[in-house]
1. Quick check: is even one residue across the range 162-179 surrounded by 19 or more Cβ atoms within 10 Å (Cβ to Cβ), over 19 Å from Ile96 (Cα atoms), out of contact with any Leu (no Cβ under 9 Å at 6 or more places or on another chain) and among the small types (Gly, Ala, Ser)?
2. Of the residues Asp102, Asp158, Asp114, which is touching a strand residue (DSSP E or B) at 6+ places or on another chain (Cβ under 7 Å), assigned by the TED database to the domain that holds Tyr73 and surrounded by fewer than 21 Cβ atoms within 10 Å (Cβ to Cβ)?
3. Quick one: what pairs do we get from the range 135-146, first residue more than 16 Å from Pro181 (Cα to Cα), second basic (Lys, Arg), C-beta under 7 Å, 6+ apart or different chains?
Amino acid sequence: MKKRNRRLLAVLCAVVTAAGIAAPAMTPVYAAQNEVTNEEAVNAEVMSAGNTKDDVDDSGKADEQEDVYSLKYITVDGRTTWYYANEKGEVDKDYIGVTDNDYGWWYVKNGEVDFSYTGLGFNDAGCWRIVDGAVDFGCTSVVDSEYGWWYVRDGHVDYSYTGIAPNEYGWWRIVNGHRFPQYTATP
């Protein structure tokens, strides 16, 4: 059985460019797209910290190399965007989840970053609050999603939290990260 060594890196939300730090109104991916100016840059590989080639079997010996997938800004079928692709440019159209690159953490659906998605997304590190396709590391609130109401701290669903927490609709009783539906609290 293979074990995949995975590392997830927390990255800054601001993008440092040759001209300085990108304006706060500019999202990290748009800053990245503005920097892409030639074919070489478009096809440049942006490796995901969550994917490595360090696959080993139970004995600790190196196993056959698998394709390594990461977010790449490439053109596929005449459409240029951020795809979850291997080194040969083959897109994993079955992939749905959260992955990262140098510009942030992103929600990927059917092999491409879904900039229209707002909700919860999952990866090996847990469940994340997604806003417009990006993990919202600044979110600490009780949020509604297709999976119910959850307590999110620093962008991550906090399953260990039990207590009272606010959102724009009021204060709520939280049990193991989930909003307790029969209880509305007041501070």
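1. Yes, the range 162-179 contains at least one residue that is surrounded by 19 or more Cβ atoms within 10 Å (Cβ to Cβ), over 19 Å from Ile96 (Cα atoms), out of contact with any Leu (no Cβ under 9 Å at 6 or more places or on another chain) and among the small types (Gly, Ala, Ser).
2. Within the list Asp102, Asp158, Asp114, the selection yields Asp114.
3. Val135/Arg129; Asp136/Arg129; Cys139/Arg129; Thr140/Arg153
Residue-by-condition table, conditions (1) in a strand (DSSP E or B); (2) in contact with a Pro (Cβ under 6 Å, 6 or more places away or on another chain); (3) at pLDDT 95 or above:
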residue: Leu71; (1), (2), (3): yes, no, yes
residue: Thr80; (1), (2), (3): yes, no, yes
residue: Tyr83; (1), (2), (3): yes, no, yes
residue: Lys88; (1), (2), (3): no, no, no
residue: Thr99; (1), (2), (3): yes, no, yes
residue: Trp106; (1), (2), (3): yes, no, yes
residue: Tyr117; (1), (2), (3): no, no, yes
residue: Leu120; (1), (2), (3): yes, no, yes
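The values are calculated or read from the model by the stated rules, or taken from the named source; none is laboratory data. All figures in this text were calculated on a predicted structure; none of them were measured in a lab. Counting neighbours? That spans all protein chains shown, and the Cβs are built from the backbone with ideal geometry, glycine included.
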